[in-house]
Amino acid sequence: MKFFGFIAVVVVGTLLLVATGDFPGWGNPHSPASEGQVSGFYIEQTVNVTKVPNMVTAVLADFRGYDTMFETVVIFIAGIGIIAVLRTFGDTAGKASDYPEPDEGSDIIVRSTCHLMVPLIQLFALYVVAHGHHSPGGGFQGGVMLGASYILLALACGLPVAKRRMGERKAIVLAATGIIIYAGWGVACLFFGGNFLDYASLDPVLPGDKEMARSHSMLVVEIGVAFTVTAIMFAIYSNLATRGRLEKGL
Amino acid sequence: MELLAAGFIEDNIVPKFNYWIYVILMMIGLYAMITKNNLIKKLIGMAVFQTAIILFYVSIGVKEESGIPILGHGQHHEIVEEGKPSGEVITKDEFANPLPHVLMLTAIVVGVSTLGLALAISQRIHGSFGTLEEDEILDQLRPGGHD
């Protein structure tokens, strides 16, 4: 098996390496991907049609809004799948969350540092979400950071402490809320005569003109993405670390 | 012979080193997925494979002497506040291609969640079979096998 696997890998690798001969060189500004209509339009027209300086966020939340919405749904489904596969309800499941005790084994230095760091991480994560259409950032990045802050709390102070702030029910509701915000914003566009996720049609209810409406709508859908990603990241960690029992974990 | 090898490296590997790296990484991942017996090692191979694809996409978006695809504060001000046409203020070659970045941004997060799901399923497999080795699981699944 190992031998045949090695042969297959060598054959595929050689074919790919031969194919790289036809590929554009490193950093070539005239490569087909950069010369194409789409990428040029994104670079030159993003600021005209959305007034957003960050092209990556504009493409993510506006031009490719459908794609991002269903990527968020994929994350949601993966999280729900993990809960469905792993979650078990033992005898101590209810007791653990009532009176969370700080973990006996954890060090005071670790706990104090964590108490200092977690608010800062969360603040920065909120900045990354809120400022995502002006500087590097957005819902996915900020959401992962927010989720990481809860994971840090669970690692340093024990899972019950983190669970008091982000319980299982709360996590699932938060994840669903994120998708509802995203899809609901798309549906709201329908009521104002536009297409699904056609943010420009929302300009009667949002401050500014049509372009600013798209800019504001990007913030709204990024917040939705951040909700889902935060909740699912923490659900993945807490279920994997405790084998679905959600008691004292690692 | 040495000259030939040096010429080959200079002509084929140096200008395309990003593709060589992604092909090698991808093949490491593929090899692990095909031949490894342990399910976790297969998942590690899958993650390496995924990383290779991400590197490939990001390296496609690179342009020489270009910056990140975010307008500078001054440029943004000139276009939005002063109403200058964008064609006068920015050029296409100034910014890296944003599209690969967008695609990989979502792919990374989705990759993490699907990897989490795969790990969850392997935990359940370990719970019911007591092992993560593929051949031992197949032994137990076979009718007439022990258990």
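How shielded is B:117-125 by partner chains, expressed as the average number of their Cβ atoms within 10 Å of its Cβ atoms? Write out the running numbers ahead of the final one.
On the way: counts 11, 2, 6, 14, 4, 2, 7, 5, 0.
Going residue by residue through B:117-125 and averaging, the value is 6.
Would you tally the net charge around residue B:47, using a Cβ to Cβ cut-off of less than 14 Å, leaving residue B:47 out, and scoring K and R as +1, D and E as -1?
Values: positive: B:36, B:41, B:42; negative: none.
In short, +3.
Of B:136, B:64, B:82, which has the largest mean-square fluctuation in a 10 Å C-alpha GNM of chain B?
Between B:136, B:64, B:82, it is B:82 that shows the largest mean-square fluctuation.
Answer rounded, prolate or oblate for segment B:72-147, using the Cα gyration tensor with square roots of eigenvalues a ≥ b ≥ c: rounded when a/c is under 1.5, else prolate when a/b is larger than b/c, else oblate. Before the final figure, lay out the partial values.
On the way: a/c = 8.34, a/b = 5.12, b/c = 1.63.
Prolate, because a/c is 1.5 or more and a/b exceeds b/c.
For segment B:58-144, report the accessible area per residue in Å² (1.4 Å probe, heavy atoms, rounded to an integer). Present the calculation step by step, with values, prior to reporting the outcome.
Values: 4430 Å² over 87 residues.
I get 51 Å² per residue for segment B:58-144.
For the protein assembly as shown, build the charge dipole from Cβ charges (+1 Lys, Arg; -1 Asp, Glu) around the Cα centre, then report which of A:175, A:144, A:21 sits farthest towards its positive end.
A:175
Within straight cross-link reach of residue A:163, meaning Cα distance under 30 Å, which lysines are found once same-chain residues fewer than 8 apart are removed?
A:95, A:248
If you fit an axis through the alpha-carbon atoms of helix A:108-130 and take the longest principal axis of the Cα set of chain A, what angle between them do you get, 0 to 90°, nearest 10?
In chain A, helix A:108-130 runs at an angle near 30 degrees to the longest axis.
Can you compute the charge dipole magnitude of chain A about its Cα centre, using +1 on each Lys and Arg Cβ and -1 on each Asp and Glu Cβ, nothing else charged? Give it in debye, rounded to the nearest 20.
Values: 16 positive and 19 negative charges, 149 e Å.
Rounded to the nearest 20 debye, it is 720 debye.
Can you list the residues, at least 5 places off or on another chain, whose amide H is less than 5 Å from the amide H of residue B:38, using H built in the peptide plane?
B:134
So which residue, out of A:117, A:145, A:218, gets the largest mean-square fluctuation from a GNM of chain A using Cα contacts under 10 Å as springs?
In the Gaussian network model the winner is A:117.
Kindly flag which residue pairs out of A:51/A:170; A:51/B:63; A:170/B:36; B:16/B:92; A:170/B:41 have an alpha-carbon separation exceeding 28 Å in this structure.
Numbers: A:51/A:170 35 Å; A:51/B:63 24 Å; A:170/B:36 39 Å; B:16/B:92 23 Å; A:170/B:41 34 Å.
Checking Cα-Cα distances, A:51/A:170; A:170/B:36; A:170/B:41 exceed 28 Å.
If you fit an axis through the alpha-carbon atoms of helix B:39-60 and take the longest principal axis of the Cα set of chain B, what angle between them do you get, 0 to 90°, nearest 10?
10
Express the carbon and sulfur contribution to the solvent-accessible surface of chain B as a percent, rounded to the nearest whole number, probe 1.4 angstrom.
Working: 5250 of 8130 Å².
Ligands and nucleic acids excluded, carbon and sulfur reach 65 percent.
Note down the net charge around residue A:58, summing +1 for each Lys or Arg and -1 for each Asp or Glu among other residues with Cβ under 10 Å from its Cβ.
Working: positive: A:51, A:64, A:214; negative: A:62.
Value of the local net charge: +2.
Once you've got the GNM for chain A with C-alpha springs shorter than 10 Å, pick whichever of A:39, A:217, A:135 has the biggest mean-square fluctuation.
Looking only at A:39, A:217, A:135, the biggest GNM fluctuation is shown by A:39.
Helix A:2-19 versus the longest principal axis of chain A: what is the Cα-based angle in degrees, 0 to 90, to the nearest 10?
Compared with the principal axis, the helix lies near 30 degrees.
Using the Kirkwood radius built from alpha carbon pairs, what does the Stokes-Einstein equation give as D for segment A:54-242 at 4 °C and 1.567 mPa s, in µm² per second? List each step's numbers first, then the result.
Details: Rh = 17.7 Å.
Rounded to a whole number, D works out at 73 µm²/s.
Summing -39500 (n - 2.57) over the DSSP H runs of n ≥ 4 in the protein assembly as shown and dividing by its residue number, what mean residue ellipticity at 222 nm do you reach, to the nearest 500 deg cm²/dmol?
-22500 deg cm²/dmol
In Å², what does the accessible area per residue of segment A:54-242 work out to with a 1.4 Å probe?
Working: 8470 Å² over 189 residues.
Using a 1.4 Å probe on heavy atoms only, each residue of segment A:54-242 averages 45 Å².
Carbon and sulfur together cover what percent of the accessible area of segment A:163-250 at a 1.4 Å probe radius?
Working: 2510 of 3860 Å².
Looking at segment A:163-250 in its full context, I get 65 percent from C and S.
Rounded to the nearest 10 Å², what accessible area does residue B:76 have for a 1.4 Å probe in the complete protein model?
Here the accessible area works out near 30 Å².
What is the average number of partner chain Cβ atoms found within 10 Å of a Cβ in B:104-112?
Values: counts 0, 10, 11, 1, 3, 14, 7, 0, 8.
The shielding value for this peptide is 6.
Which of the peptides A:10-23, B:84-97, A:63-76 is most tightly packed, and how do the rest follow, judged by the mean count of other Cβ atoms within 10 Å per residue?
On the way: A:10-23: 12.8, B:84-97: 16.9, A:63-76: 19.8.
The packing order, highest mean first, is A:63-76, B:84-97, A:10-23.
With the Cα gyration tensor of the protein assembly as shown giving a ≥ b ≥ c as the square roots of its eigenvalues, does the rule (a/c under 1.5 for rounded; else a/b larger than b/c for prolate; else oblate) give rounded, prolate or oblate? Don't skip to the answer; put the middle values down first.
Working: a/c = 2.05, a/b = 1.12, b/c = 1.82.
Since a/c reaches 1.5 but b/c is at least a/b, the shape of the protein assembly as shown is classed as oblate.
Could you work out, residue by residue across B:74-87, how many beta carbons of other chains sit within 10 Å of that residue's beta carbon, and then give the average as an integer?
Per residue, the average neighbour count from other chains is 2.
What is chain B by shape, rounded, prolate or oblate, if you read a ≥ b ≥ c off the alpha carbon gyration tensor as root eigenvalues and call it rounded for a/c under 1.5, prolate for a/b larger than b/c, and oblate otherwise? If you can, show how the numbers build up before the last one.
Numbers: a/c = 6.49, a/b = 1.77, b/c = 3.66.
Judged from the Cα gyration tensor, chain B comes out oblate (a/c at least 1.5, b/c at or above a/b).
Quick one: if the Förster radius is 35 Å, what FRET efficiency do residue B:88 and residue A:116 give, using the C-beta to C-beta distance and rounding to 0.05? Walk me through the intermediate numbers first.
Working: r = 48 Å, r/R0 = 1.38.
FRET efficiency, residue B:88 to residue A:116: 0.15.
The values are calculated or read from the model by the stated rules, or taken from the named source; none is laboratory data. It should be emphasised that the depicted structure is a prediction, and the values quoted were computed from it without experimental measurement. With ideal geometry, Cβ positions are generated from the backbone for all residues, glycine too; neighbour counts draw on all protein chains shown. Only protein heavy atoms, including side chains, enter the accessible area calculation; ligands, DNA and RNA are left aside. Shrake-Rupley method; radii C 1.70, N 1.55, O 1.52, S 1.80 Å.
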